[in-house]
1. Considering segment 117-169 alone, what residues qualify as being under 17 Å from the mean Cα position of the chain (by Cα), touching a residue at least 40 places away in the same chain (Cβ under 8 Å) and more than 16 Å from LEU277 (Cα to Cα)?
2. Which residue out of LEU348, LEU386, LEU325 is out of contact with any strand residue (DSSP E or B) (no Cβ under 6 Å at 6 or more places or on another chain) and assigned to a helix (DSSP H, G or I)?
3. Can you tell me which residues in segment 107-123 are over 15 Å from ALA302 (Cβ atoms) and surrounded by 22 or more Cβ atoms within 10 Å (Cβ to Cβ)?
4. Kindly list the number of the only condition in (1) modelled with pLDDT of 95 or more; (2) touching an Asp or Glu at 6+ places or on another chain (Cβ under 6 Å); (3) closer than 30 Å to LEU386 by Cα that fails for GLY29.
5. Do the conditions hold for GLU186, that is, is it farther than 19 Å from GLY265 by Cα, touching a helix residue (DSSP H, G or I) at 6+ places or on another chain (Cβ under 7 Å), acidic (Asp, Glu) and outside the structural domain of VAL369 (by TED's automatic domain parsing)?
6. Hand me the list of helices (runs of 4 or more DSSP H) wholly inside segment 80-166 holding 3 or more residues that are within 19 Å of ASP238 (Cα to Cα) and aliphatic (A, V, I, L, M).
7. Report the residue count in segment 37-88 for those that are more than 25 Å from ILE313 (Cβ to Cβ), more than 25 Å from the chain's Cα centre (by Cα) and of a type in the set (Val, Ile, Thr).
8. Among ILE451, ILE447, which is the only one that is modelled with pLDDT of 95 or more and more than 30 Å from THR326 (Cβ to Cβ)?
Amino acid sequence: MSVRPAAATTAAHAAHAAHAADAADADCGAPGAGAPLPVLGRDVLVPLVTGGEVTYAALDYAASAPALQRVWDDVAAYAPYYGSVHRGAGYLSQLSTDLFENSRAAVAEFLGCREGDQVVFTRSTTDSLNLLASVLPKNTRVFVFETEHHASLLPWQQAPGVEADFLDAPRTPREAVETLERTLAEREPYGPALVCVTGASNVTGELWPVRELAAAAHAHGARIVLDAAQLAPHHPVDIAELDVDWVAFSGHKLYAPFGSGVLAGRADWLQGAEPYLAGGGASRKVTRRTDGGVDVEWHTTAARHEAGSPNVIGVYAIAAACKALTEEGFEALVAREQRLVARVREGLADVPEVKVLSLFGDEAPRVGVISFVVEGWNSSHFAAALSAEYGIGVRDGLFCAHPLVRTLLGGRSDEPGECGTPEAAPGERSLNAIRVSFGAGTPDEHIERFIRAVKELVRDGARWNYRTEDGRCVPDRDA
């Protein structure tokens, strides 16, 4: 995949080895469980309102995972050779073009793309699914569960000539498949149809029965797109093995920097539609007409939907992350993460005031994403205390999955109260939730600190005063 000069390649590989050794020394984990992968920010110190500093515990991977140090090193090694891709005659442009297209091939290999599949580079999962929505044939019906992230819930409503059907939240994987089968069997007329489903919930972390849903979709003449934003960083994703038509994911959840994403899969609908964006790069030939207008011949490759100067750095970062995860081996990564999942769930189970949210039940397989509520606490207040008093970064709210979280919380949709006041009276449901999420770069110490912090906050309360500012709880600096 690399097209960098030998010196840059050697330097990056030496850095990889050094960082791996540092990580092994810093956090060996349980015997045989492996060490966390080196990531940016692992040594960042943050101040505590109670005094002193502590190493930041990044436990918000479901929003954005920290970049792998190896990915950052690869990008830094390439940066001096950065150039504009495609059609440039200069050496750096030629080098960057090779790197850009080699990155496309690396992503295709990572996803197990079939012959004829295309890899289109976008800005994010949201951008990828909006792109797919824009190329759907007229009169396509889209079937999507209400449990989806907004990135895969909302784009279909904006697409002209497309009708979206929203399915109720299933309570078991089998119910999800049966609901889809029943709904597809009842649809008429039998025009184009698309099913959109997540691979792993960004709220509960639970794995969805993707292969079975794909089989149900295809049995009824529908296609299926997999939102793999939460799945790809934690598990291998193979388009051919899962038998899905498209996969979408984001670089910033796959241990790469912000600003890049992927839509990969079948080429026919992509090439049969007008370009997602009109402009240079997407056009193969443009000529003036005698009436003053222009005729455009668009590319039939992935470039058709990649108008403008592409994010070469972002694309290379995604490919570097794909390569790093593949070489590390998902079997070892999954085993270590499952140990962390079990430890978090065990720790939260020790606190009667904590309720973990689940759609499919406690025994459902899941990735390192866990949402919960704490009786007697405003969720924003609890998250703020974790940050200010323990240096732990989590997320609170509805996680861009409002229908799902409100279903899990009992359907309440009013706004949360002021900081310091419980969102619900004893016995009532909370309005928002707290989410802790982690992955390949999470040290054991961060997990243990989080569990200890939850127990101490529930038992002793916050040690600082907090106030509401712009709708969020923040430490009161006047205290």
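The values are calculated or read from the model by the stated rules, or taken from the named source; none is laboratory data. No experiment lies behind these values; they were computed from the predicted model shown. All Cβ positions, even for glycine, are placed from backbone atoms using ideal geometry, and neighbour counts span all protein chains on display.
1. THR125, THR147, GLU148, HIS149, HIS150, ALA151, SER152, LEU153
2. Values: LEU348 fails: out of contact with any strand residue (DSSP E or B) (no Cβ under 6 Å at 6 or more places or on another chain); LEU386 fails: out of contact with any strand residue (DSSP E or B) (no Cβ under 6 Å at 6 or more places or on another chain).
On inspection, the qualifying residue turns out to be LEU325.
3. Within segment 107-123, PHE110 is the sole residue that qualifies.
4. Going through the list (1) modelled with pLDDT of 95 or more; (2) touching an Asp or Glu at 6+ places or on another chain (Cβ under 6 Å); (3) closer than 30 Å to LEU386 by Cα, GLY29 breaks only (1).
5. On the way: farther than 19 Å from GLY265 by Cα: yes; touching a helix residue (DSSP H, G or I) at 6+ places or on another chain (Cβ under 7 Å): no; acidic (Asp, Glu): yes; outside the structural domain of VAL369 (by TED's automatic domain parsing): yes.
No, not satisfied.
6. The qualifying helices (runs of 4 or more DSSP H) are 91-110.
7. 4
8. ILE451
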